[in-house]
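What follows is a short report on a single structure.
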Amino acid sequence: MHVPARRQRSRRMPLPLIPLIALALLLSPLWTAPVRAADNVATAAVLDPIPEPVQSGLGLVLEEYAQFPKTEALPGPVTDPRLMRHARINALVELPDRTKRKAVPDLNGQLYLIEDGKAPHLYLDIAKTFAPQFFAGRGMGQGFGYVTFDPRFKKNGRFYTVHTERASDTTAVPDFRQAADTTYHGVITEWTAKDPSAGTFEGTGREVLRIGFNGQVHGIQQIDFNPTARPGDSDYGLLYAAVGDGGVGKGNAEPQTLSLPHGKVLRIDPRGTDGVNGQYGIPKTNPFVGKPGALGEIYAYGMRDPHRFSWDRHRGDKMYLGHIGEHAIEAVYELRAGDNLGWSEREGAFVFDRTATNPCDRLLPLPADDAKYGYTYPVAAYDHNPPPGWNCTSDVGRAIAGGFVYRGADAPELRGKYLFDDLVDGRVFYAESGEMRRGQEPAQIHQLMIYDKSGKRTSMPELAGDKRVDLRFGQDARGELYLIAKANGKIWKVVGTKRFADCKTNGAVLKHVMDRADWAPVTPSKWQFPGDEAVLAEAGVARPGPRRPFEYALLTKGPDLGSVTVQGQVRLDTPVSVSNRDVIIVFGHQSDTKFYYAHLSQDNTIYPHNGVFVVNDADRVRIEDQWNGVKGAPPAVTDEEWHDVKVVHCADSGEIAVYVDGSRDPLMTAVDKTFAGGRVGFGSFDNIGRLRNLEVRGTPLD
């Protein structure tokens, strides 16, 4: 195998020209002075910028696809525990030769090929090829970052990789570098396989582009071709590269500087020759070609850490980018030529104040005249939701990875959804691609559940065996999706979907059950049954025994029920001025100290409110997924109007779902097998309210 030659002379722009170019940009119509936080006089900081993702009732069914060999980051010794993973696999791409082979890069330096039902095998050792310059020993993205294949690979054998080298280990000079000292290089290499169908690489390579970075993070993240482009299209055969800002810091203005590639998405012709080093070309259709002081390689700019991008296979004009934020915002953008995402003047759709004395005050609302700056804002976003007492400087542990619009066949319920994940904590999300519209309110984000092949609900941290999952999505040529974890070096395939709490609740149907004779209240004198409602007319009081709802009435008509669906309409009659007002739906009731209840409240910030609880001869215990120790699901009832409520309890799986006002997504979810069933009821702690149109469907207990 021929090792790519390293160029020894500089092809970059001499540093003395940079101030002149900056001046040219300031005078050019391309450049508009960014708005500063100082422009927002007396504007309060935004502390909780984005509502939490909605919990979806839909889950991914995963089947283990592959286990990769254990590898180590080199050179050592490695001291960062985040680099001490089983295998630092971080992508899956299918070779465009109809062999169904898939390529998986390991940041530690190995390029694997894998086929369905077979173990992965080493195709090319990138670390060994570039030793001793190859470097993966520091920084989350250092090493062998990505691989992509020329769409004509079957005929020409060409593919491309990106890896990092430590500047002190090489005499090569980068084509571009940041103003600060260069400590690492990101290198894009073209390889040509002698036999494209071979199981291991034999062939030649050449260096395409080398970029110098000051920091050890936010380098070249992804390189790729537009898979929706066809021969003859202007985009066909052009290579995109997501280049980070080098992790220089909050004061880094280089993403807004069009004379540098940092903080940009580039688009180049890898077979052209008019690039800065003669090893690549600059497409004439790029937005800044011919603009004074601007790099023609730039496709879009104003980015901190553009991590993963993809195209909707049914809408080739739709390119989506997952962008990792700094202070609070993880975002998805629909990226178009010439876009400016605003970093570091903007983080998501907020002003980012780099000069704030208090780091908690970095995010500010947009100014009234914001439209004149022409920034592009997210089509979907979520925030970091830090824990109590966060000092606004430490890492909260949130980072978007990006993903794909699903167009496969194995999971019909996912079609048209953009699936993505948080690479740190392993949460998996979707947004409807039809709702992801530029210039509109960001699309609602839904958090997906995870199931194993047996139908058991699980989570990515559980499957990966680690709280830090280091998760990414991959996609094959048929549009099917895969989840890739560094934590244990495994890949899972998405083989279908499952609805949470989707058990059959049949065998008994109870309707028209509002007569007084159908109910057994704890305190009968507090209740009224006018014929079409159950009315708790007087607030309950605490009773001896474990902490539990003060007052409720049980439905006595019909048998005890196992799996059950309880539907009806509730209203809180306590005035909205009382913040802790509530009503409850009881289910699985076996005795006054053994039952479940769903607490529906307008307050979600304290432990006893707005959640799912179990009472088991002890004080009630909160069991639903939404409570994070600080707050729970959005308040269920915030007014004095009627609200539709549905509670589903699946006895066999223990799954419990609470729906409000006809939403397809559950407001609350829980899994608990303490009780296999019992009776249902309605009540409150110390408030008044009412129930109507009750219908109960369930499986009678033997």
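The values are calculated or read from the model by the stated rules, or taken from the named source; none is laboratory data. Please read these numbers as outputs of a predicted model, since none were measured by experiment. Backbone-built Cβ (ideal geometry, glycine too); neighbour counts: all protein chains shown. Please note that ligands, DNA and RNA were not included when accessible areas were found on the heavy atoms of the full protein model with its side chains. Shrake-Rupley method; radii C 1.70, N 1.55, O 1.52, S 1.80 Å.
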* Quick one: Tyr607 ticks every box in (1) touching a Gly at 6+ places or on another chain (Cβ under 8 Å); (2) within 18 Å of Asn687 (Cα to Cα) except a single one, so which number is it? => (1)
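Residue-by-condition table, conditions (1) part of a strand (DSSP E or B); (2) surrounded by 22 or more Cβ atoms within 10 Å (Cβ to Cβ); (3) of a type in the set (S, T, N, Q):
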site	(1), (2), (3)
Ala598	yes, yes, no
Tyr607	no, no, no
Trp627	no, no, no
Pro634	no, no, no
Ala657	yes, yes, no
Thr669	yes, yes, yes
Asn693	yes, no, yes
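Suppose we filter the stretch 170-214 for residues that are part of a loop (DSSP other than H, G, I, E, B) and free of Cβ contacts under 8 Å to residues at least 40 places away in the same chain; how many remain?
Of the residues in the stretch 170-214, the ones part of a loop (DSSP other than H, G, I, E, B) are 170-175, 178-183, 194-202, 214.
If we keep only those that are free of Cβ contacts under 8 Å to residues at least 40 places away in the same chain as well, we get 181-183, 194-195, 198, 214.
The qualifying residues number 7.
Anything in the stretch 222-240 that is of a type in the set (Gly, Ala, Ser) and loosely packed, with under 14 Cβ neighbours inside 10 Å? List them, or say none.
Of the stretch 222-240, the ones of a type in the set (Gly, Ala, Ser) are 229, 232, 234, 237.
Scanning the stretch 222-240 gives Gly232, Ser234.
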* To do: Go through the stretch 52-85 and give me each residue that's crowded, with 20+ Cβ neighbours inside 10 Å and farther than 30 Å from Asn604 by Cα.
  => Val61, Leu62, Tyr65, Ala66, Phe68, Thr71, Ala73, Leu83, Arg85
* Among the candidates Ala477, Ala485, residue that is under 43 Å from the mean Cα position of the chain (by Cα), open to solvent by 30 Å² or more (accessible area, probe 1.4 Å) and closer than 30 Å to Ala91 by Cα -> Ala477
* Of all residues in the stretch 636-655, which are touching an Asp or Glu at 6+ places or on another chain (Cβ under 6 Å), assigned to a strand (DSSP E or B) and farther than 17 Å from Asp603 by Cβ? -> Asp644
* Single condition Thr556 does not satisfy, out of (1) β-branched (Val, Ile, Thr); (2) surrounded by fewer than 16 Cβ atoms within 10 Å (Cβ to Cβ); (3) under 42 Å from the mean Cα position of the chain (by Cα) -> (3)
* Asked: Of all residues in the stretch 151-173, how many are under 14 Å from Val208 (Cβ atoms) and either open to solvent by 10 Å² or more (accessible area, probe 1.4 Å) or among the small types (Gly, Ala, Ser) (or both)?
  -> 2
* To do: Looking at (1) out of contact with any helix residue (DSSP H, G or I) (no Cβ under 6 Å at 6 or more places or on another chain); (2) at pLDDT below 95, find the lone condition where Val379 falls short.
  => (2)
* Asked: Does any residue in the stretch 340-363 that is more than 18 Å from Gly439 (Cβ to Cβ) come within less than 8 Å, Cβ to Cβ, of a residue that is surrounded by 18 or more Cβ atoms within 10 Å (Cβ to Cβ) and among the hydroxyl-bearing types (Ser, Thr, Tyr) six or more places away or on a different chain, and which pairs are these?
  -> Glu345/Tyr375; Phe352/Ser344; Arg354/Ser344
* Does any residue in the stretch 590-604 that is closer than 20 Å to Arg571 by Cα come within less than 7 Å, Cβ to Cβ, of a residue that is buried (at least 24 other Cβ atoms within 10 Å of the Cβ) and basic (Lys, Arg) six or more places away or on a different chain, and which pairs are these? -> Ser601/Arg581; Gln602/Arg581
* What number of residues within the stretch 189-210 satisfy the criterion of being crowded, with 24+ Cβ neighbours inside 10 Å and within 31 Å of the chain's Cα centre (by Cα)? -> 2
* How many residues, within the stretch 98-110, are touching a strand residue (DSSP E or B) at 6+ places or on another chain (Cβ under 8 Å), open to solvent by 10 Å² or more (accessible area, probe 1.4 Å) and touching a residue at least 60 places away in the same chain (Cβ under 8 Å)? -> 1
* Condition test on Val583, is it modelled with pLDDT of 95 or more, of a type outside the set (Gly, Ala, Ser) and crowded, with 24+ Cβ neighbours inside 10 Å? -> yes
* Structure fact -> Residue pairs within 6 Å by beta carbon, gap of at least six or interchain, first lying in the stretch 422-445 and more than 18 Å from Ala328 (Cβ to Cβ), second open to solvent by 70 Å² or more (accessible area, probe 1.4 Å) and not in a loop (DSSP other than H, G, I, E, B), listed first then second, are Ala443/Glu435
* To do: Quick one: Pro367 ticks every box in (1) closer than 26 Å to Leu260 by Cα; (2) touching a residue at least 60 places away in the same chain (Cβ under 8 Å); (3) part of a loop (DSSP other than H, G, I, E, B); (4) out of contact with any Phe, Trp or Tyr (no Cβ under 6 Å at 6 or more places or on another chain) except a single one, so which number is it?
  => (1)
* **Yes/no for Asp395 being open to solvent by 20 Å² or more (accessible area, probe 1.4 Å), modelled with pLDDT of 95 or more and assigned to a loop (DSSP other than H, G, I, E, B)** => no
* Structure fact -> (1) modelled with pLDDT of 95 or more; (2) over 27 Å from the mean Cα position of the chain (by Cα) all hold for Phe225 apart from (2)
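Please work out which residue is farthest from Gly479 (Cα to Cα), limiting yourself to the stretch 346-364 and to residues that are in a loop (DSSP other than H, G, I, E, B) and open to solvent by 10 Å² or more (accessible area, probe 1.4 Å).
Thr357
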* Structure fact -> Of the listed residues (Gly677, Gly681, Gly698, Gly654), the one being free of Cβ contacts under 8 Å to residues at least 40 places away in the same chain, closer than 22 Å to Gly507 by Cα and not aromatic (Phe, Trp, Tyr) is Gly654
* Name the single residue, out of those in the stretch 259-274 being in contact with a Gly (Cβ under 6 Å, 6 or more places away or on another chain) and in contact (Cβ under 8 Å) with a residue 24 or more places away in the chain, that is nearest to Val217 (Cα to Cα). => His262
* Asked: What residue, of Val564, Val578, is open to solvent by 30 Å² or more (accessible area, probe 1.4 Å) and either in contact (Cβ under 8 Å) with a residue 60 or more places away in the chain or in a strand (DSSP E or B) (or both)?
  -> Val578
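Would you confirm whether any residue within the stretch 537-549 is modelled with pLDDT of 95 or more, acidic (Asp, Glu) and surrounded by fewer than 16 Cβ atoms within 10 Å (Cβ to Cβ)?
Taking the stretch 537-549 and keeping what is modelled with pLDDT of 95 or more, we get 537-549.
From what is left, the residues that are acidic (Asp, Glu) are 538.
If we keep only those that are surrounded by fewer than 16 Cβ atoms within 10 Å (Cβ to Cβ) as well, we get 538.
Scanning the stretch 537-549, I find at least one residue that is modelled with pLDDT of 95 or more, acidic (Asp, Glu) and surrounded by fewer than 16 Cβ atoms within 10 Å (Cβ to Cβ), so the answer is yes.
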